[in-house]
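Take a look at the structure set out below.
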Amino acid sequence: MLNQRLLRNLDFILIGVTALLVIISLVIIGSATHINGPSEDRYWYVERQGLFALANIAIIFIMLNFDYKSLEKFAGLLYAFNMIMLLAVMFVGQSALGAQRWIQLGPISLQPSEFSKLIMIIALAQILDKRTGKLNSFKEIIPVFVYVGVPFLLVLKQPDLGTSLVFLAILFGMIFVAGISTRHLMAIIGAGLAFLPIFWHFLKDYQKKRLTVFIDPNVDPLGSGYHIIQSKIAIGSGMLFGKGLFNGTQSQLNFLPENHTDFIFAVIGEELGFVGSTLILLLYFILLYRGVKIAGAARDNFGMLVATGITSMLAFHLLVNVGMTAGIMPVTGIPLPLMSYGVSSLTTNLVSIGILLNIYMRRQKILF
């Protein structure tokens with residue numbers, strides 16, 4: 001059991017913000033889905049999400065009893081397990097919405113690419129720990145990119161462009177704090193931009209269509225552009241204070257697709273309005289701020305790198321998901337952290353928060 005000195009070092013602000021976001025999530029998921037099922041299963045999604053939230057809280061409590069530094073010892077094994085999971089998706093994965101991303105385990109559909117983000121953060125932190133302050137040559141940098149590149153390509157093959165881009169956000173956030181030189185960073189970004197026209201030819205047709213309708217959704221208003229158009233209508237119709245919970249017409253009348261997963265922020269905008277949306281974004285800002293503070297307070301490089309990777313992941317998810325629902329980012333299928341329905345996403349995010357709590361709780365070397 002945790003001793004009192006460690007418990008006093010918990011980040012109670014982070015715990016409070018996370019709890020609020022999860023509770024709000026259950027309310028919004030209930031509002032988005034209650035009208036679609038029979039009365040006896042009206043709140044099935046809420047019950048399922050709530051059950052897994054409680055299970056993950058138990059996991060977090062168990063995790064807090066172990067020093068996060070022990071994760072570094074298992075980083076290689078975690079990386080190998082990650083590769084096995086992603087390869088398994090290619091051979092035994094379940095397909096949905098044009099992508100093969102899920103593995104069915106009894107009644108539960110798991111998305112390995114969600115878990116792979118957190119595993120990648122831990123594994124990458126382990127190899128960058130030895131290279132912190134030494135990323136001043138391509139001899140040191142290239143192995144890092146290859147290390148991330150293999151799982152990146154496996155996820156892209158599913159195809160899951162959104163999660164692949166999260167990998168890049170994690171990578172760049174972590175190599176930045178690991179001390180990569182500005183000259184090398186600019187060279188890598190420049191090479192990436194130059195590669196974009198080639199990368200375009202590797203995208204699936206529906207992915208190309210999503211990028212095209214991002215510029216003008218009315219090119220295909222009943223197809224690829226439908227999500228964006230309906231999402232913008234929902235957010236705009238909420239105006240200042242919203243239409244009220246369980247009263248959003250776009251969501252309740254099923255005009256808004258994926259309203260409990262990828263487009264849940266559009267439900268928030270419609271039912272809680274500008275004021276409610278802003279308050280929720282403020283909670284996310286506090287969450288990210290605590291992540292940055294924890295990275296800065298970490299007692300070692302490994303803790304700093306893991307906290308940076310987790311914060312980069314959450315920040316990218318927030319930026320892209322909210323931007324996507326508002327029509328200023330392409331539709332990529334990236335869920336809103338702690339808010340969108342999904343067992344794999346919820347587990348990854350809550351366990352990530354648990355690791356942040358662990359790093360902050362053990363920030364003072366004097367305790368050990």
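Considering Lys134, Lys204, Lys139, Lys157, which residue is surrounded by fewer than 18 Cβ atoms within 10 Å (Cβ to Cβ), charged (D, E, K, R) and under 20 Å from the mean Cα position of the chain (by Cα)?
Lys157
Scan region 268-275 and tell me whether some residue there is open to solvent by 30 Å² or more (accessible area, probe 1.4 Å) and either under 30 Å from Arg362 (Cβ atoms) or in contact with a Cys (Cβ under 6 Å, 6 or more places away or on another chain) (or both).
Checked against the condition, which is being open to solvent by 30 Å² or more (accessible area, probe 1.4 Å) and either under 30 Å from Arg362 (Cβ atoms) or in contact with a Cys (Cβ under 6 Å, 6 or more places away or on another chain) (or both), region 268-275 yields no hits at all.
Cβ contacts < 7 Å: first residue polar (S, T, N, Q) and modelled with pLDDT of 80 or more, restricted to region 101-112; second residue open to solvent by 40 Å² or more (accessible area, probe 1.4 Å) and not in a loop (DSSP other than H, G, I, E, B), any location; separation 6+ or different chain. Result?
Gln111/Trp102
Could you count how many residues in region 1-45 are within 25 Å of Ala266 (Cα to Cα), open to solvent by 40 Å² or more (accessible area, probe 1.4 Å) and modelled with pLDDT under 95?
9
What is the number of the single condition among (1) out of contact with any Ser or Thr (no Cβ under 9 Å at 6 or more places or on another chain); (2) surrounded by 22 or more Cβ atoms within 10 Å (Cβ to Cβ); (3) in contact (Cβ under 8 Å) with a residue 60 or more places away in the chain that Met329 does not meet?
Failed condition: (2).
Within region 306-323, does at least one residue satisfy the condition of being without any contact (Cβ under 8 Å) to a residue 12 or more places away in the chain and outside any helix (DSSP H, G or I)?
Within region 306-323, not a single residue is without any contact (Cβ under 8 Å) to a residue 12 or more places away in the chain and outside any helix (DSSP H, G or I).
Out of all the residues in region 181-201, which are assigned to a helix (DSSP H, G or I), open to solvent by 50 Å² or more (accessible area, probe 1.4 Å), closer than 23 Å to Lys157 by Cβ and not hydrophobic (A, V, I, L, M, F, W, C)?
Across region 181-201, the qualifying residue is only Pro197.
State all residues of region 160-175 that are touching a residue at least 60 places away in the same chain (Cβ under 8 Å) and surrounded by fewer than 19 Cβ atoms within 10 Å (Cβ to Cβ); if no residue qualifies, say none.
Result: Leu165, Phe172.
With the condition kept exactly as written, say whether any residue in region 254-268 is touching a helix residue (DSSP H, G or I) at 6+ places or on another chain (Cβ under 7 Å), at pLDDT below 90 and of a type in the set (A, V, I, L, M, F, W, C).
The answer is yes; a qualifying residue exists.
For region 215-261, which positions are open to solvent by 70 Å² or more (accessible area, probe 1.4 Å) and not in a loop (DSSP other than H, G, I, E, B)?
Ile215, Asn218, Val219, Lys232, Ile233
Residues checked against (1) surrounded by fewer than 19 Cβ atoms within 10 Å (Cβ to Cβ); (2) in contact with a helix residue (DSSP H, G or I) (Cβ under 9 Å, 6 or more places away or on another chain); (3) at pLDDT 90 or above:
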| site | (1), (2), (3) |
| --- | --- |
| Ile59 | yes, yes, yes |
| Asp67 | yes, yes, yes |
| Tyr79 | no, yes, yes |
| Met90 | yes, yes, no |
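Inside region 107-145, can you point out the residues that are more than 21 Å from Ala187 (Cβ to Cβ) and among the aromatic types (Phe, Trp, Tyr)?
Across region 107-145, the qualifying residue is only Phe115.
Quick one: count up the residues across region 299-320 that are surrounded by 21 or more Cβ atoms within 10 Å (Cβ to Cβ) and closer than 17 Å to Arg131 by Cβ.
Qualifying residue count, region 299-320: 7.
The values are calculated or read from the model by the stated rules, or taken from the named source; none is laboratory data. As the structure is a computational prediction, the values presented were derived from the model and not from experiment. FYI the Cβ positions are ideal-geometry reconstructions off the backbone, even for glycines, and counts take in every protein chain you see. Note: areas computed on protein heavy atoms with side chains; ligands, DNA, RNA excluded. Shrake-Rupley method; radii C 1.70, N 1.55, O 1.52, S 1.80 Å.
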